[in-house]
Amino acid sequence: MSRYTVVVTDHRFGDLAIEREGLSGLADLEELAEDRARALDQLAGADAVINLVRPFDEGMVDALPSDCRVIARYGIGVDNIAVDAATARGIPVVNDPDYCVEEVATHAVAMILSLARRLKPYDAAMADGEWKTDRADPIEHRFSSQTVGVVGYGTIGALVGRHAAALGAEVLASDPYLDPEEVGEEATLVSLEGLYERADYVTVHTPLTDGTRGLADAGAFQRMKDTAFLINVARGPIVDERSLIDALDAGEIAGAGLDVFEVEPPAADSPLRGHPDVVATPHDAWYSEEANTERRHTITEAVRLALEGRRPPNVVNGVGEDAP
């Protein structure tokens with residue numbers, strides 16, 4: 001039997017062959033039980049935890065032993081993990097901030113271009129046997145005459161900005177953590193309010209925090225042009241969906257591209273499903289075979305390092321910063 005036990009809370013990989021191979025000789029893997037009482041018993045013996053999307057709440061963190069080495073998430077966001085509780089316990093929380101940067105940025109740009117070129121209504125008309133060439137609203141404009149506003153100009157947001165600039169658009173960036181010289185030549189740093197007022201496409205790339213929850217709300221939609229589009233491939237609760245639906249129905253904005261939702265999956269009767277002015281995908285912006293495999297290797301290596309007493313990369317909660 002190996003020296004350590006790693007508990008995997010959830011996964012969608014079919015098997016854990018990559019993880020077992022990466023931790024071979026060092027740790028045994030256990031999949032977390034669905035039953036909470038059984039799950040808490042398992043966590044009491046965990047030297048490390050790997051998590052995908054299952055909520056890992058404060059009670060689960062508290063069930064971990066005092067010498068648990070790490071909680072690692074297969075992804076970028078850690079909003080489903082009780083990070084504050086882990087920090088209080090002295091347990092590092094790590095993520096993989098780089099695995100799907102290209103995929104998410106490409107998906108955002110694909111949504112922008114789909115909305116810009118009205119692919120959804122044209123395709124629907126063709127499927128209905130129509131040859132619809134009327135110029136109904138929203139009016140299409142040359143993309144190089146448009147302005148793309150990027151909310152959150154981190155790694156993914158900046159790549160979206162570079163893609164949009166390469167296609168000829170003006171790019172605005174809003175990010176409270178950046179100075180103007182940090183956004184690069186392709187973008188202009190502006191206030192969030194200024195971005196809402198000027199952008200033809202507002203694309204969201206912030207993490208979900210207390211400060212960004214509901215960031216795109218009724219006030220935001222009132223500031224936006226009535227010809228503007230909202231794109232969200234970050235986290236659903238960043239957008240106030242009720243306000244978005246109201247804005248769409250009132251014509252305050254022209255449409256939206258959504259890969260994420262406040263509740264996933266959204267209810268079958270959600271107005272955002274099948275809305276004529278919404279392009280929707282099922283939280284799949286991150287996906288490629290390469291990205292999926294990459295994150296598994298990265299997180300497995302992070303866990304290995306932690307179990308070996310070394311500091312893993314990408315610790316998001318500052319625990320162990322003074323470790324070698």
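Since every read-out is calculated from the coordinates, none of them should be taken as a lab result. What you see is a predicted model, and the numbers here were worked out from it, not measured in a lab. Note that we place each Cβ from the backbone using ideal geometry, even for glycine, and neighbour counts take in every protein chain shown.
The modelled label-to-label distance between Ala125 and Thr209, using points 7 Å beyond Cα along the C-beta direction, is 4.5 nm. Per residue, the average separation of C-alpha pairs within less than 8 Å and at least 6 apart gives segment 101-280 a relative contact order of 19 percent. Placing +1 on the Cβ of every Lys and Arg and -1 on the Cβ of every Asp and Glu, with no other charges, gives segment 101-280 a dipole of roughly 360 debye about its Cα centre.
Would you please put 233-244, 201-212 in order of how densely packed they are, using the mean number of other Cβ atoms within 10 angstrom per residue and starting with the highest?
Working: 233-244: 21.6, 201-212: 19.9.
For the peptides 233-244, 201-212, the packing ranking is 233-244, 201-212.
Measuring between their Cα centroids, segment 163-242 and segment 244-311 lie 17 Å from each other. Dividing the summed -39500 (n - 2.57) terms of all DSSP H runs of n ≥ 4 by the residue count of the chain sets its mean residue ellipticity at 222 nm at -9500 deg cm²/dmol. Remark on Thr5: its backbone amide H falls under 5 Å from those of Asp28, Asp47, Ala48, a criterion applied only to residues 5 or more positions apart or on other chains, H modelled at 1.01 Å from N.
Along the charge dipole of the chain, Cβ charges K/R +1 and D/E -1, which of Ser2, Val151, Ile238 sits furthest on the positive end? Ranked along the dipole, the leading option is Ser2.
Relative contact order of the chain: what whole-number percent is it, with Cα pairs under 8 angstrom and at least 6 residues apart?
Answer for the chain is 18 percent.
Most tightly packed first, judged by the mean number of other beta-carbon atoms within 10 Å of their residues, the peptides 84-93, 68-77 read 68-77, 84-93. Charge dipole of the chain (Cα centre as origin; +1 on each Lys and Arg Cβ, -1 on each Asp and Glu Cβ, all else neutral): 260 debye, rounded to the nearest 20. For the chain, the spread of Cα positions along the three principal axes, ordered from largest to smallest, is 70, 47, 32 Å. Residue ranges 6-18, 103-115, 255-267, 282-294 sort as 103-115, 255-267, 6-18, 282-294 when ordered by packing (mean number of other C-beta atoms within 10 Å per residue, highest first).
List Leu172, Leu52 from most exposed to least, where exposure is judged by having the fewest other Cβ atoms within 10 Å.
Values: Leu172 26, Leu52 17.
Exposure proxy ranking, most exposed first: Leu52, Leu172.
For Ala173, the residues whose amide H sits under 5 Å from its own are Val150, Thr188, Leu189, Val190, ignoring neighbours fewer than 5 places away on the same chain, with H placed 1.01 Å from N. The simple Förster model, with R0 at 45 Å and r as the Cβ-Cβ distance, assigns Glu197 and Phe13 a FRET efficiency of 0.55.
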